[in-house]
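Some notes on the structure that comes next.
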Number of protein chains: 2
Amino acid sequence: MRLATLIGPDLKQLLRDDPDQVRELLDELHAEDVADIISELDPDEAAEFLSRIPAEDAAPIFERLEDHEQESIVELMPSESVVQIASEMASDDRADFFSVLPEAVGDKLLEELERVDPEAAEDVREIEKWPDTSAGHLMSRGYVFIAPEVSVAAAIGAVRIHAEDRSEPIYNVYALDEKDTLVGIASLRDLLLADPSTKLSTILRTNVISVPPEMDQEEVARRMAKYDLNVMPVIDEHGRILGVITIDDIIDVLTAEQTEDAQKIGGVEPLDVPYFQTSFLSFIRKRGVWLVVLFLEEFFTQTALRHYDPVFRAIEGASYYVPLLISTGGNSGSQSSTLVIRGMAVGEIKPKDWWRILFREAGMGLVLGVFLGAIGFARVLMYQDQHLPFAFTIALTLVGIVMCGCTVGSMLPLILRRCGVDPATSSTPFIASLVDVLGIVIFVHVAKLIMAAVLAHPAVLPHCE
Amino acid sequence: MRLATLIGPDLKQLLRDDPDQVRELLDELHAEDVADIISELDPDEAAEFLSRIPAEDAAPIFERLEDHEQESIVELMPSESVVQIASEMASDDRADFFSVLPEAVGDKLLEELERVDPEAAEDVREIEKWPDTSAGHLMSRGYVFIAPEVSVAAAIGAVRIHAEDRSEPIYNVYALDEKDTLVGIASLRDLLLADPSTKLSTILRTNVISVPPEMDQEEVARRMAKYDLNVMPVIDEHGRILGVITIDDIIDVLTAEQTEDAQKIGGVEPLDVPYFQTSFLSFIRKRGVWLVVLFLEEFFTQTALRHYDPVFRAIEGASYYVPLLISTGGNSGSQSSTLVIRGMAVGEIKPKDWWRILFREAGMGLVLGVFLGAIGFARVLMYQDQHLPFAFTIALTLVGIVMCGCTVGSMLPLILRRCGVDPATSSTPFIASLVDVLGIVIFVHVAKLIMAAVLAHPAVLPHCE
């Protein structure tokens, strides 16, 4: 029987009847798949399972569980088991785990860990002292360091000793001088290819791409992606290595940052936790804030419409067109802001390019506006009670509104970035609301202009009073 | 002098005066940084530079250039240089390069490559035969394979030979039986840690996570991220290995897919190329299509307003509130659709969860709607000419509209996924336009209901005719 084919109830039965058989099945499976099955169990069953198997088997499973799963399972486990598992975890996952726990629980566990595995506890403290979204918080402390004067054979020996003791993946050895300053790196491939008797210093690569511990994780991710690195050292201001960042964490960062951006653009405060783990109240808060802001912003449309009431009374049917016109402005604005926000996120667009973008977007707004204006013109004339001047009003308004949408939508994210605000804050609904008010103003002024011209020759506008 | 400190004009001068010095500076720098400098040069200078330096130095620089840069530089280089560089490139980057070239140019170069390096040409053909966004197209053909019966020392020897010949990174050796079927893998770390005289078969890991060549790159990316893999083999239906996919390509895939999603959600057809490389015409086409669709969709608001004209005439000032009300529906719909689309993209939300989502979103719509309704109610009463029944109308309409926005916004992406359409197609503007029309209908019907109640007691509504 393969564990992967077991579903929750079967596994529960097997755990009850023959826990040893479960343990044997573990070898066949990737820890990730076991973690998937554990997630399906009740927390007390998961706790029982993880306490029963050896800590070195439990650690890679446990570190793959979601934060909230870890938290609820740990509550139900004896603290000795938790400390044993924590001691076997990769140092970055271990620090993540401690940062998930309520402070009182975490502190108590960390004290116990201190007694069992002082080095592991030290790693947690070293990582936790850096801000949540910084390079320092992302790093693993499990890296192989060695003096540059030793032989390649000795470096391979150091890798062996390290690998027996720690579970982190190993890609490189880091050569440090007597002041712990990083002087160069050699990959496992370099070690394998070199003659074992050569000095390590002769095969070291010295142009090492690194990051300082304070750097924001998004920039760390961008740098690792740019240089196609699987692992990158974190170096303090004295050139000393503090830890290494591995690519699997970077993928999580990229995904989380993109989720955050998507949610901001959609007009939601970022959630931090998955959809189904987000509480109803937290949703109400995170969505409510923006809905209220946008609602208050939209009040200006009502104020504007009320203010321009005489114009709408003068032109029969004009108010029918308001939602159509202003939402078209919002749509073109959404397009522009999406393009610019995403372009900045991937580094294609820099704030200094603003004038090129303004020029392009205004041009695009003109062309798209003329195009939509032509459709709008034709549509108005399809109604028999509408006449040429009003059709012109609609067409010209569309040109103005789409140009306005494109320029506002493209410039606002750049301005926000300039002010140090995340450009994704200029959410699609925010820009739409802004352009809505401007759209009404444009519509009314175009209408007045054309009306004035028409009133000089009233014969061409029979339906306007 | 360090090359990184040189800016375009200096480098041009140095290239002219002393090309050998430039070559020496190359050793100091990461190929990525050199590629950045090359991007700043004119294509003819870049072509000259890349032709002058040895092909094994030029290849890692050339493969890091953008597609359009590669294309314009190659046109200006002698074809022998191009073929030499292509021969030295990593096999996946080489295949990418050929797929960028116009077909006639590519075919001719491939023929020349065939003569110089038949294996490299074969790799290009093998990769190019798979669809653009499939695992097969993403794979590299540079992997180390070996028989499982050999010793660890022999496996290390195979890695050495491979590394001298090919530039791809090496993480694992792949043990193949006599039928070329993959029987297991060993990492460089496994090789380093094992006794050189042991049989490779005794240290092989056999539960290998792999993908078929047809699998879509987005799913490939999800699988590699889930299992924290740096490299994953591509296996055909007979269990034979075709190539390996490395994590750096997966990061590019993730970024590209997220850009595509962001653009779709923003109501733009995905661009394929960076903002500034997209031609004006192509922008007009990719944005114009959606703007016209949305514009036509918004015509229904005009039709609805015209249809319900008597109601708006009966309630003084009601039409002022239309943009405010319907855009609030659009905003809540944007929020819900963003949450669901992103949740599906990261795998947190599955289509089978639809009823849980419907239940949650309807509840959220109710609470948020009551909240906004209360604000709207207060706002209406702030105007002296508005009275209680109308304030109730606005409040009740907001409840209905926000509930409608939340349910439509959350269900539409799930329905699209069910129909095999990318959920991101239900863009924010699309949902907003849909909800706009529904919003008008809700407003009018709520107004009619309350009006009917009021007209039974006309004394409470002095301002309605």
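The values are calculated or read from the model by the stated rules, or taken from the named source; none is laboratory data. Please read all numbers here as calculations on a predicted model, not as lab measurements. Glycine gets a Cβ as well: all are built from the backbone with ideal geometry, and neighbour counts include every protein chain shown.
Only residues that are within 31 Å of the chain's Cα centre (by Cα) and more than 9 Å from chain A (Cβ to nearest Cβ) were counted across region B:187-217, and they come to 9.
Between B:ALA163, B:ALA221, which is within 23 Å of B:LEU254 (Cα to Cα), part of a helix (DSSP H, G or I) and among the aliphatic types (A, V, I, L, M)? So the residue among B:ALA163, B:ALA221 that is within 23 Å of B:LEU254 (Cα to Cα), part of a helix (DSSP H, G or I) and among the aliphatic types (A, V, I, L, M) is B:ALA221. Selection of region B:126-146 for residues being more than 26 Å from B:LEU204 (Cβ to Cβ) and outside any loop (DSSP other than H, G, I, E, B) yields B:ILE127, B:GLU128, B:SER134, B:HIS137. Consider region A:353-385 and keep the residues that are within 11 Å of another protein chain (Cβ to nearest Cβ), under 14 Å from A:ALA318 (Cα atoms) and touching a helix residue (DSSP H, G or I) at 6+ places or on another chain (Cβ under 8 Å). The one that is modelled with the highest pLDDT is A:GLY376.
Look at region A:313-330 and say how many of its residues are among the hydrophobic types (A, V, I, L, M, F, W, C) and more than 8 Å from every other protein chain (Cβ to nearest Cβ). Write out each step before concluding.
Applying the first criterion (among the hydrophobic types (A, V, I, L, M, F, W, C)) to region A:313-330 yields A:314-315, A:318, A:322, A:324-326.
When the remaining residues are screened for being more than 8 Å from every other protein chain (Cβ to nearest Cβ), the result is A:314-315, A:318, A:325.
Residues in region A:313-330 being among the hydrophobic types (A, V, I, L, M, F, W, C) and more than 8 Å from every other protein chain (Cβ to nearest Cβ): 4 in total.
For region B:294-307, the count of residues that are among the β-branched types (Val, Ile, Thr) and farther than 23 Å from A:SER319 by Cβ is zero.
Which of the numbered conditions does B:LEU325 fail, given that it passes all the others? Conditions: (1) under 18 Å from the mean Cα position of the chain (by Cα); (2) in the same structural domain as B:PHE359 (by TED's automatic domain parsing). Status for B:LEU325: all satisfied but (1).
Among the residues of region A:392-418, those that are among the aliphatic types (A, V, I, L, M), surrounded by 21 or more Cβ atoms within 10 Å (Cβ to Cβ) and either modelled with pLDDT under 90 or more than 16 Å from A:LEU366 (Cα to Cα) (or both) comprise A:LEU412, A:LEU414.
Every condition in (1) over 40 Å from the mean Cα position of the chain (by Cα); (2) at negative phi; (3) not basic (Lys, Arg) holds for B:GLY317 except the one numbered (2). Is there a residue in region A:165-180 that is at pLDDT below 90, of a type in the set (Lys, Arg) and under 28 Å from B:ALA154 (Cβ atoms)? The answer is no, given that none of the residues of region A:165-180 is at pLDDT below 90, of a type in the set (Lys, Arg) and under 28 Å from B:ALA154 (Cβ atoms). No other residue among B:GLY333, B:GLY347 is surrounded by fewer than 22 Cβ atoms within 10 Å (Cβ to Cβ), in contact (Cβ under 8 Å) with a residue 12 or more places away in the chain and at the interface with chain A (Cβ under 10 Å from one of its Cβ atoms) apart from B:GLY347. Only one of the listed residues (A:VAL231, A:VAL220) is in contact with a strand residue (DSSP E or B) (Cβ under 8 Å, 6 or more places away or on another chain), in contact (Cβ under 8 Å) with a residue 24 or more places away in the chain, β-branched (Val, Ile, Thr) and more than 10 Å from every other protein chain (Cβ to nearest Cβ). That residue is A:VAL220. Taken over region A:238-258, residues that are among the hydroxyl-bearing types (Ser, Thr, Tyr) and out of contact with any Pro (no Cβ under 9 Å at 6 or more places or on another chain) amount to 1.
Taking every residue in region B:95-121 that is under 14 Å from B:GLU75 (Cα atoms) and pairing it with any residue that is of a type in the set (Asp, Glu) and in a helix (DSSP H, G or I), at least 6 positions away or on another chain, the pairs with Cβ-Cβ distances below 7 Å are B:PHE98/B:GLU128; B:VAL100/B:ASP67; B:VAL100/B:GLU71; B:LEU101/B:GLU71.
Suppose the filter is in contact with a helix residue (DSSP H, G or I) (Cβ under 6 Å, 6 or more places away or on another chain) and either among the hydrophobic types (A, V, I, L, M, F, W, C) or at pLDDT 85 or above (or both); does B:ARG285 pass it? No. Exactly one residue out of B:PHE295, B:PHE300 is among the aromatic types (Phe, Trp, Tyr), more than 19 Å from the chain's Cα centre (by Cα) and at the interface with chain A (Cβ under 8 Å from one of its Cβ atoms), and it is B:PHE295. Scanning for something under 37 Å from the mean Cα position of the chain (by Cα), away from every other protein chain (no Cβ under 11 Å) and of a type outside the set (A, V, I, L, M, F, W, C), does region A:425-437 turn up at least one residue? Within region A:425-437, one or more residues are under 37 Å from the mean Cα position of the chain (by Cα), away from every other protein chain (no Cβ under 11 Å) and of a type outside the set (A, V, I, L, M, F, W, C). Checking the stated criteria, A:GLU149 turns out not to satisfy the condition of being in a loop (DSSP other than H, G, I, E, B) and surrounded by 15 or more Cβ atoms within 10 Å (Cβ to Cβ).
Evaluating A:ALA262 against the criteria (1) facing chain B (nearest Cβ under 7 Å); (2) touching a strand residue (DSSP E or B) at 6+ places or on another chain (Cβ under 7 Å) leaves one unmet condition, (2). Say we look at region B:265-290 and pick out the residues that are under 24 Å from A:GLN263 (Cβ atoms) and of a type in the set (D, E, K, R); which of these is nearest to the other protein chains (Cβ to nearest Cβ)? By that ranking, first place goes to B:ARG287. Considering region A:294-400, the qualifying helices (runs of 4 or more DSSP H), each wholly inside and each with 3 or more residues that are small (Gly, Ala, Ser) and under 30 Å from B:MET382 (Cα atoms), run over A:322-345. Of the residues screened, A:VAL421 is one that is in a loop (DSSP other than H, G, I, E, B) and surrounded by fewer than 19 Cβ atoms within 10 Å (Cβ to Cβ).
Looking only at region A:152-181, filter to residues that are more than 14 Å from every other protein chain (Cβ to nearest Cβ) and of a type in the set (Asp, Glu); which one of those is surrounded by the fewest Cβ atoms within 10 Å (Cβ to Cβ)?
A:GLU178
Would you check if B:ILE431 is farther than 21 Å from B:PHE300 by Cα and at pLDDT 85 or above? Spelling it out, it is not the case that B:ILE431 is farther than 21 Å from B:PHE300 by Cα and at pLDDT 85 or above. Can you find a residue that is free of Cβ contacts under 8 Å to residues at least 12 places away in the same chain, in a loop (DSSP other than H, G, I, E, B) and within 14 Å of chain B (Cβ to nearest Cβ) anywhere in region A:241-256? Looking through region A:241-256, none of the residues is free of Cβ contacts under 8 Å to residues at least 12 places away in the same chain, in a loop (DSSP other than H, G, I, E, B) and within 14 Å of chain B (Cβ to nearest Cβ).
Just to be sure before I move on: is A:THR397 in contact (Cβ under 8 Å) with a residue 60 or more places away in the chain and either touching a Ser or Thr at 6+ places or on another chain (Cβ under 6 Å) or within 8 Å of chain B (Cβ to nearest Cβ) (or both) in the structure I sent?
Numbers: in contact (Cβ under 8 Å) with a residue 60 or more places away in the chain: yes; either touching a Ser or Thr at 6+ places or on another chain (Cβ under 6 Å) or within 8 Å of chain B (Cβ to nearest Cβ) (or both): no.
The answer is no for A:THR397.
Considering the conditions (1) assigned to a loop (DSSP other than H, G, I, E, B); (2) not assigned by TED's automatic domain parsing to the domain that holds A:GLY243, A:SER197 is excluded by exactly one of them, (2).
Kindly indicate whether A:ARG356 is free of Cβ contacts under 8 Å to residues at least 40 places away in the same chain and of a type outside the set (Ser, Thr, Tyr).
Considered against the rule, which asks whether it is free of Cβ contacts under 8 Å to residues at least 40 places away in the same chain and of a type outside the set (Ser, Thr, Tyr), A:ARG356 comes out as yes.
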